[in-house]
Amino acid sequence: MDYSVILPVYNEKDNLEPLHAELTGVMEALKGSYEIIYVDDGSEDGSLEGLRRIHGDDGRVRVISFRRNFGQTAAIAAGFDASTGDAVITMDADLQNDPADIPRLLEKMKEGHQVVCGWRRERKDTLLLRRLPSVIANVLIRSATNVRVHDYGCMLKVYDGGIARGLRLYGEMHRFIPAMAWDLGASVAEVVVNHRPRVAGVSKYGLSRATRVVLDLLTVKFLSVFSTRPLHAFGLVGFALGVPGTIMLGWLGFDRLVFGVELAGRPIVLLAILMVVMGVQFITMGLLAEMLARTYHESQKKPVYVVALDLPAEQDSAETGVSLAAVGRAAKA
């Protein structure tokens with residue numbers, strides 16, 4: 001399959017048929033094989049019935065329906081797992097993403113990028129509830145991940161199929177997919193795309209997601225930098241607290257033993273003890289995290305590296321004159 005298009009759906013019944021008509025027109029013009037995967041995330045407005053009709057009319061459509069609402073990240077993960085395309089395209093089902101932008105994203109991918117993100121430079125959303133929180137979130141994510149994407153929240157993206165199916169998503173990590181892919185060695189680019197006002201349905205986003213974005217960002221940053229060496233994170237904090245605390249306790253003990261200085265009632269004593277105890281706790285947490293990380297990687301045989309290219313050696317056997325690589329390929333066949 002050349003292309004897989006993934007669309008998470010949650011209460012978008014009035015948008016589905018117009019969207020599908022636009023999308024199929026664009027995909028037909030690409031002159032390649034494609035599949036469209038709709039993932040119904042527990043819709044309650046009759047969206048599933050609409051998807052059943054679309055599925056019955058178009059043999060290239062696959063419909064996955066969740067038993068309840070699991071969230072957009074779970075829907076994207078299910079779509080990635082079900083996809084078979086060399087290029088995987090994601091977009092919203094609310095008609096705000098324009099399917100006509102898909103060919104331009106695919107052209108950008110041909111320049112050697114594995115992830116191409118849409119940039120809604122002129123968003124057709126409300127300023128206070130949608131655009132302003134998005135701007136703040138994008139600035140925070142860019143600062144923390146060093147992946148210079150202007151619009152992490154835009155669902156219109158194109159991925160290399162191998163990259164998409166290699167991602168493991170959970171929680172609400174769909175916003176950080178470009179950063180996660182970049183951490184795996186993918187080249188990330190972006191293209192300015194059209195953004196249309198919502199004509200039907202109700203937006204599922206709001207200010208309530210701001211806190212979750214910050215917490216998820218901390219998770220992504222920690223996993224990106226310290227997933228295989230958590231002791232470096234906790235240990236540094238432990239030393240930063242424990243070493244000054246130990247020096248302070250030593251100085252206070254010297255004053256008490258040599259000069260007879262009274263320590264009762266001095267807040268610095270409690271501060272020094274607190275710093276030492278917290279330092280020991282952080283170092284202990286780092287050691288426990290190291291054990292968990294090693295168990296995680298070794299029990300599931302997860303590699304700590306990502307291979308981009310592996311060329312087998314074409315070593316000839318002096319005795320037989322047969323290529324060892326050719327023998328290996330024949331054996332596999």
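See the values below:
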read-out	value
Selected residue [in contact (Cβ under 8 Å) with a residue 24 or more places away in the chain and buried (at least 16 other Cβ atoms within 10 Å of the Cβ)] from Leu23, Leu30	Leu23
Given (1) surrounded by fewer than 16 Cβ atoms within 10 Å (Cβ to Cβ); (2) closer than 14 Å to Thr90 by Cβ, index of the condition Thr126 fails	(2)
Count - residues of region 1-43 that are within 27 Å of the chain's Cα centre (by Cα) and charged (D, E, K, R)	5
Qualifying residue in region 85-98 (condition: surrounded by 15 or more Cβ atoms within 10 Å (Cβ to Cβ), in contact with a Gly (Cβ under 6 Å, 6 or more places away or on another chain) and of a type in the set (Val, Ile, Thr))	yes
Exclusive hit being in the same structural domain as Ile177 (by TED's automatic domain parsing), modelled with pLDDT under 95, under 30 Å from Ile141 (Cα atoms) and among the hydrophobic types (A, V, I, L, M, F, W, C), set Leu292, Leu309, Leu217, Leu236	Leu217
Some residue of region 92-108 being of a type in the set (A, V, I, L, M), over 19 Å from Lys13 (Cα atoms) and free of Cβ contacts under 8 Å to residues at least 12 places away in the same chain	no
Top-ranked residue of region 215-249 - restricted to ones that are buried (at least 19 other Cβ atoms within 10 Å of the Cβ) and small (Gly, Ala, Ser), ranked as farthest from Met173 (Cα to Cα)	Gly245
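The values are calculated or read from the model by the stated rules, or taken from the named source; none is laboratory data. Just so it is clear, the model here is predicted, and its values are computed rather than measured. As a convention, Cβ positions derive from the backbone with ideal geometry for all residues, glycine included, and neighbour counts pool all protein chains shown.
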